[in-house]
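The structure appears below as structure tokens.
The values are calculated or read from the model by the stated rules, or taken from the named source; none is laboratory data. Everything numeric here is computed off the predicted structure, so don't read it as measured data. Note: ideal-geometry Cβ built from the backbone for every residue, glycine included; neighbour counts use all protein chains shown.
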Amino acid sequence: MLVPPGSSDKVWSVIRSKPARESFLVDFLGKDGLAAYCPMISRKGDRSKPRPCFTGYVFVRLSPRFELSRVSGAPGVIRPLMFGGELAAVEPDVIERFRDMESPAGVIELERPQRFRKGDVVKICSGSFAGLRAVVTDWLPEKERVRLLLDYFGREVALEADEALLA
């Protein structure tokens, strides 16, 4: 939705942040008394640091008429997102839906799509067994690996391979 900059109603505005400054900006604006939110996501089983769902954007609850200039000048802000002179904002229920999806740690955990299923026949694209076909016996998404059963010179050989090496 678009909101006139002279509106005194509180809205969840969309603010463009400097690269990799979303979390800083949420903390800074929170200390300044404003509600700010940046939904964070990670893949289930992935131990890397969660990342912003919308890279370079933060939602800030503000009254455009009274608080927009203060937010615009905050460190880490590039500019408020505007279209035709009006401020971009989202409905409050959008923010609520994101918050409802969060884990207790405040992160939205995404399921990895199941790429391999037991019984799938795959082709090994690289390494010692490149060009050979094998049958999937197990998929280990947390390790990004696949257990395979390979018919190699008349013998069944069990092996584990990086999923990126399979087609």
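General remarks:
- When residues in the range 9-33 are screened for being in contact with a strand residue (DSSP E or B) (Cβ under 9 Å, 6 or more places away or on another chain) and closer than 17 Å to E67 by Cα, 15 of them pass.
- Identity of the residue in the range 1-20, of a type in the set (D, E, K, R) and surrounded by 13 or more Cβ atoms within 10 Å (Cβ to Cβ), that ends up farthest from V90 (Cα to Cα): K18
- Extreme residue, surrounded by the most Cβ atoms within 10 Å (Cβ to Cβ), among residues of the range 65-106 that are within 24 Å of the chain's Cα centre (by Cα) and assigned to a strand (DSSP E or B): A89
- Of all residues making up the range 107-149, the number that are hydrophobic (A, V, I, L, M, F, W, C), without any contact (Cβ under 8 Å) to a residue 24 or more places away in the chain and not in a loop (DSSP other than H, G, I, E, B): 5
- Subset of the range 1-10 (residues that are within 11 Å of L62 (Cα to Cα) and either part of a strand (DSSP E or B) or among the hydroxyl-bearing types (S, T, Y) (or both)): S7, S8
- All conditions in (1) touching a Cys at 6+ places or on another chain (Cβ under 7 Å); (2) more than 30 Å from L166 (Cα to Cα) hold for P52, with the sole exception of (2).
- Taken residue by residue, the range 21-28 has at least one member that is closer than 30 Å to E144 by Cα, among the acidic types (D, E), crowded, with 16+ Cβ neighbours inside 10 Å and out of contact with any helix residue (DSSP H, G or I) (no Cβ under 8 Å at 6 or more places or on another chain).
- In the range 11-25, the condition of being assigned to a helix (DSSP H, G or I), of a type outside the set (S, T, Y), touching a Phe, Trp or Tyr at 6+ places or on another chain (Cβ under 6 Å) and not assigned by TED's automatic domain parsing to the domain that holds P141 is met by no residue.
- Scanning the range 34-70 for residues that are polar (S, T, N, Q) and either farther than 18 Å from P80 by Cβ or touching a strand residue (DSSP E or B) at 6+ places or on another chain (Cβ under 7 Å) (or both) turns up S42, S48.
- Check on S128, modelled with pLDDT under 90 and not hydrophobic (A, V, I, L, M, F, W, C): yes
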